[in-house]
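J.: Once you've had a glance at the structure underneath, I'll fire off some questions.
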Amino acid sequence: MEMELANHRPFEVVRQLAECNAVVVFSISGCCMCTVVKRLLFGLGVGPTVVELDHLSHPSADDIQAVLHHLLPHQPHPIPAVFVGGKFLGGLETLMSSHINGSLVPLLKQAGALWL
Ligand SMILES: *[C@@H]1O[C@H](CO)[C@@H](O)[C@H](O)[C@H]1NC(C)=O
C-alpha cells in the first residue's frame, strides 16, 4: 500500500501541476529546446508555469521524467513537455507546428492563458 502510494506520488504531482495551471512547461535548465519553448510562450504573452526538473529535490527529476515517459511513450525526449489546460500538448515540434498552423493561440485562449 505504502509502496503503491510512493509510486503514484510523482504522477500526482505532474497531474496536479498540469490541472491547476493553464500552461505548464516541464523543462531542464540549460536545455536549448526548453529555452525555445519558453521564449515562444513568453513571446505570445503567456506566463507559463515552468518546472525546472533539475531544481527539484522531491519528487526528483528522474521521477518526473519517468512519469512523462509513461504518459508520452512515443516521444523520444520527454523534455520539454508542454501541458495546456491540463492536457499534454507536446514538445517543441508540436508547439511550433501548432503555432504555425494557427491552432496554438485559440488553444491558449481556451485554457485561459491569454486574454486578448
Ligand atoms: C496544427 O498542428 C498541430 C500539431 O502538429 C495538430 O495537432 C493540429 O491538428 C493542426 N491543426 C490544424 C488546424 O491543422
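J.: For the range 2-114, with equal point scatterers placed on the C-alpha atoms only and solvent neglected, what are the log10 I(q)/I(0) values from the Debye formula at q = 0.09, 0.10 1/Å, to two decimals?
T.: Each listed q maps to, in turn, -0.22, -0.27.
J.: Once both axes come from the Cα atoms, what is the angle between helix 32-43 and the longest principal axis of the chain, in degrees from 0 to 90, rounded to 10?
T.: In the chain, helix 32-43 runs at an angle near 50 degrees to the longest axis.
J.: Follow-up. Out of all DSSP beta bridges with both ends in the chain, state the antiparallel percent to the nearest 5.
T.: Just about 65 percent of them are antiparallel.
J.: Could you derive backbone 3J(HN,Hα) for the range 10-25 from the dihedral phi with the Karplus parameters 6.51, -1.76 and 1.60 (θ = phi - 60°), listing whole Hz in sequence and x where the residue is Gly or Pro?
T.: For the range 10-25, the Karplus curve yields x, 4, 4, 4, 5, 4, 5, 4, 5, 7, 9, 9, 4, 9, 10, 10 Hz.
J.: For residue 100 paired with residue 70, estimate the spin-label separation in nm (one decimal), with each label point 7 Å from Cα along the Cα-to-Cβ line.
T.: If labels sit at residue 100 and residue 70, their model points lie 3.4 nm apart.
J.: Here is a further query. Please give the net charge around residue 99, taking every other residue with its beta carbon less than 15 angstrom from that of residue 99, where Lys and Arg add +1 and Asp and Glu add -1.
T.: My count for the surroundings of residue 99 gives +2.
Each value in this text was obtained by applying a stated rule to the coordinates, not by laboratory testing. Since the structure is predicted, the reported quantities are computational estimates derived from the model, not experimental observations. So basically every Cβ, Gly included, is an ideal-geometry build from the backbone, and we count neighbours across all protein chains shown.
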